[in-house]
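The values are calculated or read from the model by the stated rules, or taken from the named source; none is laboratory data. Everything numeric here is computed off the predicted structure, so don't read it as measured data. A quick note on method: Cβ atoms are made from the backbone with ideal geometry, for glycine too, and the neighbour counts reach across all protein chains shown.
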Amino acid sequence: MIDIKQIHHVAYRCKDAKETADFYQKYLNMELTVCIAEDKVPSTKEPDPYMHIFLDAGQGNILAFFEITGQKEMSRDLNTPLWVQHIAFQVESLDALKEAKAELESKGIDVLGITDHGIIKSIYFFDPNGHRVELTCVTGTDEQLKKLKEMAPEMLEEWSKTKTPPKSAAWLHEDEFKS
């Protein structure tokens with residue numbers, strides 16, 4: 001039986017490894033921990049020079065990027081809206097989220113939000129590669145989170161059959177249920 005302990009790393013492509021490392025160090029206080037550079041892809045042996053950087057995202061989480069020199073210039077999935085693909089990091093509290101927003105804006109970053117999602121609140125901005133970054137804090141109660149977990153299989157099944165948003169979690173956006 002497979003027993004996942006945590007995500008080791010999530011990897012994205014970047015335009016410039018140094019610029020990307022500098023951005024995450026400067027704006028999100030992530031430490032550069034490892035760089036790996038190769039002329040060939042280890043798993044396939046294809047010639048494709050790259051720099052692979054790893055950044056400490058806290059508590060054993062690693063954010064990684066590849067700068068690839070032998071491929072076309074990077075782009076994003078043009079069939080997917082900008083808001084869908086993103087990297088989300090959790091901060092400790094709503095106060096920490098407000099402080100992060102103020103700090104980012106004071107450093108010249110254009111920040112969207114604070115957006116209220118019912119059980120979390122988030123801000124959004126873009127890194128130098130065009131990746132959307134989210135900072136979020138959990139605002140939902142244990143009861144709300146438990147209820148959502150219990151509802152998840154039923155909601156997914158309904159979505160799978162109808163391809164329309166189930167209304168069973170609409171209470172998330174009703175004022176009386178907000179924390």
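Rundown of residues vs (1) surrounded by fewer than 13 Cβ atoms within 10 Å (Cβ to Cβ); (2) over 24 Å from Asn61 (Cβ atoms), yes/no style:
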site: Trp83; (1), (2): yes, no
site: Ser93; (1), (2): yes, no
site: Ile120; (1), (2): no, no
site: Tyr124; (1), (2): no, no
site: Thr139; (1), (2): no, no
site: Ala152; (1), (2): yes, no
site: Glu157; (1), (2): yes, yes
site: Thr162; (1), (2): yes, yes
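Give segment 99-118 a look and list any residue that's farther than 30 Å from Ala170 by Cβ, not polar (S, T, N, Q) and not in a loop (DSSP other than H, G, I, E, B), or say none.
Within segment 99-118, Glu99, Ala102, Glu103, Leu104, Glu105 qualify.
Using beta carbons and a limit of 7 Å, which pairs, at least six apart or on different chains, have the first residue in segment 91-118 and in contact (Cβ under 8 Å) with a residue 60 or more places away in the chain and the second one part of a strand (DSSP E or B)?
Qualifying pairs under 7 Å: Leu104/Phe125; Ile109/Phe125.
Which one is farthest from Lys26 (Cα to Cα), of the residues in segment 95-116 that are loosely packed, with under 13 Cβ neighbours inside 10 Å and of a type outside the set (D, E, K, R)?
Thr115
What number of residues within segment 14-51 satisfy the criterion of being of a type in the set (Lys, Arg) and surrounded by 17 or more Cβ atoms within 10 Å (Cβ to Cβ)?
0
Given (1) at pLDDT below 95; (2) of a type outside the set (A, V, I, L, M); (3) touching a Phe, Trp or Tyr at 6+ places or on another chain (Cβ under 9 Å); (4) part of a loop (DSSP other than H, G, I, E, B), identify the lone condition not met by Lys5.
Only one criterion is unmet by Lys5, namely (3).
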